[in-house]
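Visitor: One structure is given below, represented as structure tokens, and several questions about it will come after.
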Amino acid sequence: MSDVLQKYLPEHAVQPCFELIKANHVHLKIVNERVTRHGDYRKDAQGYHLITVNASLNKYRFLITLIHEIAHLVAFEKFGRHIKPHGNEWKYTFQQLMVPFIRPEIFPNQLLPLLARHFRNPKASSDTDATLSIALKEYDVKETDKNYIFEIPIGAKFRIHNGRVFKKIALRVKRYECVELQSGRIYLFQPNAEVELLPS
């Protein structure tokens, strides 16, 4: 397993992650990309702890996602199954598990202050922290034809992953107000949402 992890994790994170996987009896599956999530955790009918993580993630996002999912497992085991999936117990557990990894041997220096800030109060997804998400994106391997929504001009039309087409209208506080062209309904997008800019 540690041989497999070397392909997906920063070098100095491999052994501690392997220890966490062993200690918590995790069955880890590395899967093809899912658009809606980076990873997930569930306990199956036989009581096995199943964690899946997308193979397409860069090694820093892979590490954060793996620890995020292990934190679900540990929080449920420690505090019981009645807790909220991303409530205070999970946040505390995620912080405790992640702090030992937030160091320069594991993460690039420019990510460290962003991670330190994020983990003061971790969110359900690192994608909702636009600054951290954009910084992590710099380490992605594949080139993409996508733009962030904050990069495209007001009035521009764009397509999202499921094919729906929108027009960017305005910035509302931190998110962008966009109208879906087919239905006329208004939606709010995070600034780091990845979209395909359409010709005007």
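Visitor: Just to confirm the number: angle between the C-alpha axis of helix 59-79 and the first principal axis of the chain, 0 to 90 degrees, nearest 10?
Guide: 60
Visitor: May I pose another question? Using a cut-off of 29 Å between alpha-carbon atoms, which lysines can reach residue 7, once sequence neighbours fewer than 8 places away in the same chain are excluded?
Guide: Output for residue 7: 22, 29, 43, 59, 91, 123, 137, 142, 146.
Visitor: Tell me which of 57, 189, 118 sits at the most positive position along the dipole axis of the chain, charges placed on C-beta atoms (Lys, Arg +1; Asp, Glu -1).
Guide: 189
Visitor: Once you put a point 7 Å from the Cα of residue 11 and another 7 Å from the Cα of residue 138, both along the Cβ direction, what distance in nm separates them?
Guide: About 2.1 nm separates the two model spin labels.
Visitor: Helix 14-23 against the longest principal axis of the chain: what's the angle in degrees, Cα atoms only, rounded to the nearest 10?
Guide: 70
Visitor: Something else: Cα atoms only: what Rg and Dmax, in Å, come out for the chain?
Guide: Just the Cα atoms of the chain yield Rg and Dmax of 18.4, 54 Å.
Visitor: Here's another thing I want to ask about it. How would 77, 177 line up from fewest to most surrounding beta-carbon atoms within 10 angstrom?
Guide: By the 10 Å Cβ count, ascending: 77, 177.
Visitor: Still on this model: R0 = 30 Å: FRET efficiency of residue 173 with residue 22, Cβ-based, nearest 0.05?
Guide: Given R0 = 30 Å and the Cβ-Cβ separation, E is 0.10.
Here, each number is a calculation from the coordinates, and none is a lab measurement. Quantities reported herein were computed from a predicted structural model and do not represent experimental measurements. Cβ coordinates were reconstructed from backbone atoms using ideal geometry, including for glycine residues, and neighbour counts include every protein chain displayed.
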